[in-house]
Amino acid sequence: MIPEEIKNILACPLCKGDLIGTESSFICLKCKLLYPIKEEIPIFLIEEAQKLSDEDIQKIKDPNYER
């Protein structure tokens, strides 16, 4: 588990924007990229990021989305 203090200072490596943290990833809504967390280590390599669809982004923006 990544401490909340660390999550609060992390930024998207591509646009330097805010990230949404989940148990298994960090998500940049602006870039529509998902950065995975592997073995408790966030992988912030742009080439390792997963491109999210507009549908995925809408689900994440939903207030009932489980993080």
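We did not get these values from a lab; they are worked out from the coordinates using the rules stated. The shown structure was predicted, so the numbers you read here are calculated from the model rather than taken from an experiment. Glycine also receives a Cβ, built like all others from the backbone with ideal geometry; neighbour counts cover every protein chain displayed.
Collect the residues in segment 1-33 that are under 14 Å from Q58 (Cα atoms) and outside any loop (DSSP other than H, G, I, E, B), keeping them in residue-number order. Matches in segment 1-33: I20, I27, C28, L33. Looking across segment 36-64, the residues that are in a helix (DSSP H, G or I) and over 22 Å from K16 (Cβ atoms) come down to D54, E55, Q58, K59. Taken over segment 19-45, the criterion of being of a type in the set (A, V, I, L, M) and surrounded by fewer than 12 Cβ atoms within 10 Å (Cβ to Cβ) is satisfied by I41, L45.
For (1) in contact (Cβ under 8 Å) with a residue 24 or more places away in the chain; (2) of a type in the set (S, T, Y), each residue gets a yes or a no:
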{"position": "P13", "(1), (2)": "yes, no"}
{"position": "G17", "(1), (2)": "no, no"}
{"position": "T22", "(1), (2)": "yes, yes"}
{"position": "K30", "(1), (2)": "no, no"}
{"position": "L34", "(1), (2)": "no, no"}
{"position": "E39", "(1), (2)": "no, no"}
{"position": "F44", "(1), (2)": "yes, no"}
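Per-residue answers, yes or no, for (1) aromatic (F, W, Y); (2) under 9 Å from the mean Cα position of the chain (by Cα):
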position	(1), (2)
L14	no, no
L19	no, yes
Y35	yes, yes
E47	no, no
Q50	no, no
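Which residues, counting only those in segment 22-53, are touching a Ser or Thr at 6+ places or on another chain (Cβ under 7 Å) and under 18 Å from I9 (Cβ atoms)? If the condition is that a residue be touching a Ser or Thr at 6+ places or on another chain (Cβ under 7 Å) and under 18 Å from I9 (Cβ atoms), then Y35, I37 are the ones that fit.
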